[in-house]
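Structure first, commentary second.
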Amino acid sequence: MKPRAGRIGLTLAVVLVAVAAMSGREVSAQSNPYRPGENWGRLPEGRTFGNVIGVDVDRSGNVWVFERCGGDTCEGSKLAPILQFDASGKLLKSFGAGMFAFPHGFHVDRDGNIWATDGPGKSGKGYQVFKFSPEGKVLLTLGKAGIGGEAPGTFIYPSAVVVAPNGDIFVADGHGADTNGRIMKFSRDGKFIKSWGQKGTGRGEFGGMHAIAMDSKGRLFVGDRGNSRIQIFDQDGKFLEEWKQFGRPSGVFIDRNDTLYVADHTSDEKTNPGFRKGIRIGSARDGKMTRFILDPDPNGSQEGVAADAKGNIYGSLTGGMALKKYVRIPGAPASN
């Protein structure tokens, strides 16, 4: 009986280790170096956040927010969806009123320029990518207002955008369902260079893109949420790796130290067994996940994520219509 009990105990231990390795729950059980998320950012009286779809931090520490005009769309609204806050949460400026139908992708480049994508829209809006100066001047526009398509100069659903140090522009064009599934590359002046990818589940195929980021080596990290993975490419579209340990990526952010932050608001035992929704933190260098911030709100939809130089994290919520700030606990160890 003792040998049999030993075998059972050993088998159970192996199973538990395998489950933990698959889900990353051994990380979530460790200490969480962040305080619970608090609503952050002060808006003028009478103004509230809508679906906060994107957030980023510039080199001066200002926090930029992309939200859907106080509701779940900007159609018919006169509110500005792009907001800049200082580190204390004070609103500094806003712009983009009347330009967007359905705000989606968001990125602040190394020069401080603001990039924003607009999903499908009505009334001659949508299907575009905009580049703004920090003062709100339109510097570049990609796509055709109100016109979706598969040609090199059009988008069906530009869901995310990121810019390389040399100015090349990468747009994730696709959001699952009846949209495209490709990465489009443009020169800094908006000239189409190439595209790659299609809808599917294989390497270099996409089931529903929602984010794109770049590490210090210039590799592209594409949040292929529909396939519960991050796919990594070089800037010519060569597939390098896929990582599934970060859940279903709605938001992907990589800081200057190659710390990787991934927001996941759709994982559960049915959609992505073994994973829970929250923010996963790890290394863009080797893919090791080191921290997990569980999302405590069963009704929240934390889709965007960014971090400042102090290690504080900002999570943008569509469902819940808020911006959360997670403050690092003094003395807590770094995430990698």
**Prompt:** Distance from the Cα centre of the range 148-191 to that of the range 111-142, in angstrom?
**Reply:** 13
**Prompt:** Treating the beta-carbon of each Lys and Arg as +1 and of each Asp and Glu as -1, no other charges, what is the dipole magnitude of the chain about its Cα centre, to the nearest 20 debye?
**Reply:** 660
**Asked** Based on the Cβ-Cβ distance of Thr201 and Ala151, what FRET efficiency does E = 1/(1 + (r/R0)^6) give at R0 = 30 Å, to the nearest 0.05?
**Response** 0.75
**Item:** the chain shape via C-alpha gyration tensor axes, a/c threshold 1.5
**Value:** prolate
**Request:** Determine the share of the range 203-267's accessible area contributed by carbon and sulfur atoms, expressed in whole percent, with a 1.4 angstrom probe.
**Result:** 37
**Asked** If one computes the Cα centroid of the range 215-291 and of the range 41-57, what distance in Å separates the two points?
**Response** 25
**Prompt:** Roughly speaking, what % of Cα-Cα pairs in the range 199-336 are separated by over 25 Å, rounded to a whole number?
**Reply:** 21
**Request:** Using amide H atoms built 1.01 Å from N in the peptide plane, name the residues 5+ places from Phe206, or on other chains, whose amide H lies under 5 Å from its own.
**Result:** Gln198, Lys199, Gly200
**Request:** Would you calculate the separation in nanometres between label points at Lys78 and Ser187, each defined as 7 Å from the Cα along the Cα-to-beta-carbon direction?
**Result:** 4.2
**Complete:** For the chain, the per residue accessible area (1.4 Å probe, Å²) is 44
**Dipole of the chain [Lys/Arg +1, Asp/Glu -1 at C-beta], most positive-end residue of Gly167, Gln302, Gly41** = Gln302
**Item:** Expected 222 nm ellipticity per residue - DSSP helices of 4 or more, -39500 (n - 2.57), all of the chain, to 500
**Value:** -2500 deg cm²/dmol
**Prompt:** Using alpha carbons only, how many degrees (0 to 90, rounded to 10) separate the axis of helix 2-23 from the longest principal axis of the chain?
**Reply:** 10
**Asked** Expressed as a rounded percentage, what relative contact order does the chain have, with Cα pairs under 8 Å and six or more residues apart?
**Response** 14
**Asked** Cα to Cα, under 16 Å, and not fewer than 8 places away if on the same chain: which aspartates and glutamates meet these conditions relative to Lys93?
**Response** Glu45, Asp56, Asp58, Glu67, Glu135
**Prompt:** About its Cα centre, what dipole magnitude does the range 206-253 give when the only charges are +1 on Lys and Arg Cβ and -1 on Asp and Glu Cβ, stated in debye to the nearest 20?
**Reply:** 160
**Message:** At R0 = 25 Å, how high is the FRET efficiency between Ser123 and Asp178 if r is their beta carbon distance? Nearest 0.05 is fine.
**Reply:** 0.75
**Message:** Just to be sure I understand the model, the point goes 7 Å from the Cα along the line to the Cβ. What's the resulting Lys93 to Asn257 distance in nm?
**Reply:** 3.0
**Request:** Could I have the simple spin-label model distance between Lys137 and Lys194, label points 7 Å from Cα toward Cβ, reported in nm to one decimal?
**Result:** 3.4
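The values are calculated or read from the model by the stated rules, or taken from the named source; none is laboratory data. In this text, all values refer to a predicted model and were calculated from it rather than measured experimentally. Note that each Cβ is placed from the backbone with ideal geometry, even for glycine, and that neighbours are counted across all protein chains shown. In case anyone asks, the SASA skips ligands and DNA or RNA and just uses the protein heavy atoms, side chains included. Shrake-Rupley method; radii C 1.70, N 1.55, O 1.52, S 1.80 Å.
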